[in-house]
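The values are calculated or read from the model by the stated rules, or taken from the named source; none is laboratory data. Fair warning: this is a prediction, and the values are worked out from it, not measured in the lab. Note that each Cβ is placed from the backbone with ideal geometry, even for glycine, and that neighbours are counted across all protein chains shown.
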Amino acid sequence: MTIEKLRTGFSLNFGVADITLLFEGEQDHLVPCCSQTLLDSDLFVVAGRMIGHSFLHGGPLLPGISPAIIHVLVGGAIETAEIHLKDCPDLDQRHTIQLLEGNRPISEEEREEITRLSVMWDLPGFSEDHRKWLFNRMLQHAVSVLYRTKCQVKQLRCGIKETKIWPFITEREDAVKVLFPRASDAEYGPEVILQHIVWPVAESDDDDDDDRLRPEVVTRQIQFLREYIQKATTDQLQKLLTFWTGWEVPSKSLQVKIWRGRFFKASTCSRTLMLPADILTMGDFTSTLHACANTASTGFGLV
């Protein structure tokens, strides 16, 4: 839940919006927000503690941080950071700068758009003679977020250091990629989820215990879940995992149990999904699981 808050924002209203983001931009190019209020509140120190403690306890990690921010965070110089246009969180500025990229003809309307931005940044207007130079200068200006977020990065580093994992990060270069994975590397499919599931065993009952489910019931529900996972979309798999474990990334061990009932239940602490034995068709199984999984964000994975 703590890492989810870092990704989607906190329910804090500083007079601008109901949700306050600590990181903004697009995946794999997220940068710290430049809000002075967040900085004065030491929220980036808190974010560093959250990241460090989640790592120590085998929890989910924070994906998608810009490589340039990570480079500066672990001690690299701002001047040597590899900057990408996607590191600019302002989509309007990014669109204007992209107009200069390449050699395609620039329309009169685009020329005026470029000139407005360049004048605002005390740069000369557009000219084909210095098009490439202007593109590089505007790119540097747009991603000056590295300079504007130095204090945020410093607070983030302090929070991580408080969790005592900083020596591990600085002594092992590969640890940085583990602590700050790329969102694109965290993608997974049905096969990955199925490999992590610990399936229940259908046992025969010679004593006719009324509380024991018949083997054919256990086998049927297992087959329903396997078929659902194999056919589900990425969004559906993420919702299922969030309902199942509280997080959308597969855990090392995903437990499955079956109970006498009509709805799905989940214990996120033990990573256990309870399948209802009373569902008899794949259609009912799918529709009921969709309804239950969609409550994950409001019901903490419990129905």
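A few notes on this one:
- Pair list, Cβ under 6 Å, 6 or more apart: the range 106-128 residue farther than 14 Å from Ala142 by Cα, other residue outside any loop (DSSP other than H, G, I, E, B): Glu113/Thr96; Gly125/Thr115; Gly125/Ser118; Phe126/Arg111; Phe126/Ile114; Phe126/Thr115
- When Lys150 is tested against (1) touching a residue at least 24 places away in the same chain (Cβ under 8 Å); (2) within 25 Å of Ser35 (Cα to Cα); (3) surrounded by 16 or more Cβ atoms within 10 Å (Cβ to Cβ), exactly one condition is not met: (3).
Residue-wise test of (1) in contact with a strand residue (DSSP E or B) (Cβ under 9 Å, 6 or more places away or on another chain); (2) in a helix (DSSP H, G or I); (3) under 19 Å from Thr80 (Cα atoms).
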{"site": "Glu109", "(1), (2), (3)": "no, yes, no"}
{"site": "Arg116", "(1), (2), (3)": "no, yes, no"}
{"site": "Phe126", "(1), (2), (3)": "no, no, no"}
{"site": "Lys132", "(1), (2), (3)": "no, yes, no"}
{"site": "Arg137", "(1), (2), (3)": "no, yes, yes"}
{"site": "His141", "(1), (2), (3)": "no, yes, yes"}
{"site": "Val153", "(1), (2), (3)": "yes, yes, yes"}
{"site": "Gly159", "(1), (2), (3)": "no, yes, no"}
{"site": "Phe168", "(1), (2), (3)": "no, yes, no"}
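- Of the set (1) over 22 Å from the mean Cα position of the chain (by Cα); (2) under 19 Å from Asp40 (Cα atoms), all apply to Gln152 but (1).
- Matching residues, the range 153-203, being in the same structural domain as Lys257 (by TED's automatic domain parsing), crowded, with 16+ Cβ neighbours inside 10 Å and at pLDDT 90 or above: Ile197
- Top-ranked residue in the range 109-142 [being touching a helix residue (DSSP H, G or I) at 6+ places or on another chain (Cβ under 6 Å) and over 27 Å from Ser66 (Cβ atoms); ranked as surrounded by the fewest Cβ atoms within 10 Å (Cβ to Cβ)]: Gly125
- Pick from the range 50-108, criterion of a type in the set (Lys, Arg) and more than 19 Å from the chain's Cα centre (by Cα), ranking: surrounded by the fewest Cβ atoms within 10 Å (Cβ to Cβ): Arg104
- Tallying residues that are touching a helix residue (DSSP H, G or I) at 6+ places or on another chain (Cβ under 6 Å) and not in a helix (DSSP H, G or I) within the range 83-100 yields 4.
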